[in-house]
Amino acid sequence: MTRSQIIAAARERFARAGYAETSLKEIAADVGIKAPSIYAHFSGKEELYVEVYTRSIAEHRDYFTRLLAESRELDPLERLHKILTGVPAFYQERPELVDFHLRSITGGIPAGTDPSGVFRRWDEELAEAIRATYVEGRDAGRFARVDPDAFTAHFTCLMDGLFLQLKHYEPVLYAEHLTRTWDLLATALGFGIPVQENRS
């Protein structure tokens, strides 16, 4: 029980202050233990951070894996919509992860570690699911014919942008951006606009 409490407290602390500005003493105080007690579970702050990060990515992976499974029977366009809107849905239920993940991509991680490799492996799995959904819609004559890899890169960039905007836009404006982003993408896919050839 104490290990899970330490991880939960560390997640909140790392999200608020980042790795460098968080001390084991603060995390221990949040749990109601002394700092040395943390060493019964972790070798130090770095190992604790990597554990928090790895678990957060596993949580992200589980969420989208479940979403993809639940969306398997949907029309490809509806499935893509579920994936895109899954970004705000995931973080709305876990607001502390917005700050935690933002800090992790802007250098707020322990020197000499690369926990982001965990994310890249999962990102490749998600990208493959997006690509397969696009190809299914294309082969059914529902989507414009574009390079599947280019579409996948475009779509994952949209997901990344929606994640970043969570921190910088009010909910109403965010929802407006999400709707406009989706409407343009759906229009381009459905009406055969050759996305990769339009440069204006």
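Some notes on this structure:
- Summed over the stretch 56-68, residues that are surrounded by fewer than 18 Cβ atoms within 10 Å (Cβ to Cβ) and either of a type in the set (S, T, N, Q) or within 16 Å of ILE105 (Cα to Cα) (or both) total 1.
- Of all residues making up the stretch 165-187, the number that are surrounded by 11 or more Cβ atoms within 10 Å (Cβ to Cβ) and not in a helix (DSSP H, G or I): 1
- Boolean, GLU46 is assigned to a helix (DSSP H, G or I), at pLDDT below 95 and out of contact with any helix residue (DSSP H, G or I) (no Cβ under 7 Å at 6 or more places or on another chain): yes
- Breaking point among (1) assigned to a helix (DSSP H, G or I); (2) open to solvent by less than 50 Å² (accessible area, probe 1.4 Å), for GLU78: (2)
- Only one of GLY117, GLY141 that is at positive phi and surrounded by fewer than 16 Cβ atoms within 10 Å (Cβ to Cβ): GLY141
- The residues listed here are PRO110, PRO95; of these, the one that is over 17 Å from the mean Cα position of the chain (by Cα) and at pLDDT below 95 is PRO110.
- Residues being closer than 19 Å to ARG55 by Cβ and open to solvent by 70 Å² or more (accessible area, probe 1.4 Å) - total across the stretch 8-32: 3
- Cross-chain or 6+ apart pairs with Cβ under 6 Å, the stretch 33-48 first and within 13 Å of ALA10 (Cα to Cα) and surrounded by fewer than 16 Cβ atoms within 10 Å (Cβ to Cβ), then among the small types (Gly, Ala, Ser) and at pLDDT 95 or above: ALA35/ALA28
- Unmet criterion (only one of (1) farther than 28 Å from ALA153 by Cβ; (2) open to solvent by less than 70 Å² (accessible area, probe 1.4 Å); (3) of a type in the set (A, V, I, L, M)) for ILE109: (1)
The values are calculated or read from the model by the stated rules, or taken from the named source; none is laboratory data. Only a predicted model underlies this, so the values are computations on that prediction, with no experimental measurement involved. FYI the Cβ positions are ideal-geometry reconstructions off the backbone, even for glycines, and counts take in every protein chain you see. Ligands, DNA and RNA are stripped out before the accessible areas are found, and what is left, the full protein with its side chains, is counted by its heavy atoms. Shrake-Rupley method; radii C 1.70, N 1.55, O 1.52, S 1.80 Å.
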